[in-house]
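Since every read-out is calculated from the coordinates, none of them should be taken as a lab result. Everything quoted here is computed from the prediction, not taken from an experiment. When we count neighbours, we look across all protein chains shown, and the Cβ atoms used for this are built from the backbone with ideal geometry, even at glycine.
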């Protein structure tokens, strides 16, 4: 199964998804209007793309709900177009759903978190249909591992 998330800098969020049950991760760009964008294009904040991590997961080992939990618990879904020092629409919080079932579960998850008050502010995460995924340049893939950060 496939899931795609925007949660700020893709280097940071990709690492948290490299867990049991996740069979692969790729970072890239989704949700914009420019065909085949480069990192430099996306950084201009004019393409409409978000930096995303696309994960493949084995639903017999990890549920979509558990994948959503990784997403919610590893970024701030209350900051619009920003994560930490990174500012721009490419850093927005987004769930790009691939199926109607994912959309339903993601909406229920978001509503439940809002009602819980866990984040203390309104959740601004957008829930939108997945569009074409453009894989980022190779040097961005598993960046933390390549740099010896983890």
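Structure summary
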| read-out | value |
| --- | --- |
| Count - residues of segment 114-131 that are closer than 17 Å to residue 79 by Cα, outside any loop (DSSP other than H, G, I, E, B) and out of contact with any strand residue (DSSP E or B) (no Cβ under 6 Å at 6 or more places or on another chain) | 1 |
| Residue that is at positive phi and surrounded by fewer than 17 Cβ atoms within 10 Å (Cβ to Cβ), where the choices are 65, 88 | 88 |
| Selected residue [in a loop (DSSP other than H, G, I, E, B) and within 10 Å of residue 89 (Cα to Cα)] from 46, 34 | 46 |
| Single residue of segment 91-103 satisfying the filter (farther than 11 Å from residue 9 by Cα and under 12 Å from the mean Cα position of the chain (by Cα)) that is surrounded by the fewest Cβ atoms within 10 Å (Cβ to Cβ) | 97 |
| Considering residues of segment 18-31 that are assigned to a loop (DSSP other than H, G, I, E, B) and touching a strand residue (DSSP E or B) at 6+ places or on another chain (Cβ under 8 Å) only, the residue surrounded by the most Cβ atoms within 10 Å (Cβ to Cβ) | 31 |
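A quick yes/no check of all residues on (1) touching a residue at least 24 places away in the same chain (Cβ under 8 Å); (2) under 13 Å from the mean Cα position of the chain (by Cα); (3) over 15 Å from residue 129 (Cα atoms); (4) part of a helix (DSSP H, G or I):
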| residue | (1), (2), (3), (4) |
| --- | --- |
| 40 | no, no, yes, yes |
| 70 | yes, yes, yes, yes |
| 74 | yes, yes, yes, no |
| 105 | yes, no, no, yes |
| 108 | no, no, yes, yes |
| 112 | no, no, yes, yes |
